[in-house]
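Okay, so here's the structure we're looking at.
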Amino acid sequence: MLHRFNRFKVEELAAYMLTVNAEDHPIMRRMHGPKKEKRSIVIVPRAQWDDWLACRDPEVARSFLSLYPAEKMVAEPAPIKTKASTNADAEFPLSDSA
């Protein structure tokens with residue numbers, strides 16, 4: 001998170017999400033539609049947070065820009081919902097007919 005003050009002396013916060021190409025990643029390559037660029041955010045493991053935050057060397061910083069290993073991720077397909085099942089399964093029905 002980047003903290004700074006703008007020209008009006010009002011504090012602004014900014015956050016950045018670094019991404020890398022995920023074309024060859026077993027999980028993340030499936031996250032975008034056909035013919036769309038496959039990208040994934042960089043996940044820095046907790047054990048490397050201090051090193052990442054203290055890094056001042058651009059070449060060393062680049063070494064952190066890698067895909068998180070697929071075998072350490074948990075992923076499963078979301079159930080496909082049809083229009084009929086979406087309304088029938090809803091906790092709050094779409095209509096007020098009671």
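The values are calculated or read from the model by the stated rules, or taken from the named source; none is laboratory data. Because the structure is predicted, anything quoted here is derived from the model rather than measured. Neighbour counts are summed over all protein chains in view; Cβ atoms, including those assigned to glycine, are modelled from backbone coordinates with ideal geometry.
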Checklist entry - Where residues in region 11-23 are in a strand (DSSP E or B) and closer than 11 Å to GLU37 by Cα, which of them is nearest to the chain's Cα centre (by Cα)? => result VAL20
Checklist entry - Between a first residue in region 13-30 that is without any contact (Cβ under 8 Å) to a residue 24 or more places away in the chain and a second residue that is β-branched (Val, Ile, Thr), which pairs have beta carbons less than 7 Å apart while being 6 or more apart in sequence or on different chains? => result THR19/ILE41; THR19/VAL42
Checklist entry - Which of the residues spanning region 24-40 are surrounded by 13 or more Cβ atoms within 10 Å (Cβ to Cβ) and either assigned to a loop (DSSP other than H, G, I, E, B) or of a type in the set (A, V, I, L, M) (or both)? => result HIS25, PRO26, ILE27, MET28, MET31, HIS32, LYS38
Item to check | Members of region 33-54 that are within 18 Å of ALA15 (Cβ to Cβ) and not basic (Lys, Arg) | outcome: SER40, ILE41, VAL42, ILE43, VAL44, TRP49, TRP52, LEU53
Checklist entry - With respect to ARG62, is the statement that it is over 22 Å from TYR16 (Cβ atoms), surrounded by 10 or more Cβ atoms within 10 Å (Cβ to Cβ) and basic (Lys, Arg) true? => result no
Checklist entry - List the pairs whose first member sits in region 73-88 and is within 15 Å of ARG30 (Cβ to Cβ), whose second member is part of a loop (DSSP other than H, G, I, E, B) and modelled with pLDDT of 80 or more, and whose Cβ atoms are under 6 Å apart, counting only residues at least 6 apart or on separate chains? => result MET73/ILE27; ALA75/ILE27
Checklist entry - In region 41-58, which residues are assigned to a loop (DSSP other than H, G, I, E, B) and more than 17 Å from the chain's Cα centre (by Cα)? => result CYS55, ARG56, ASP57
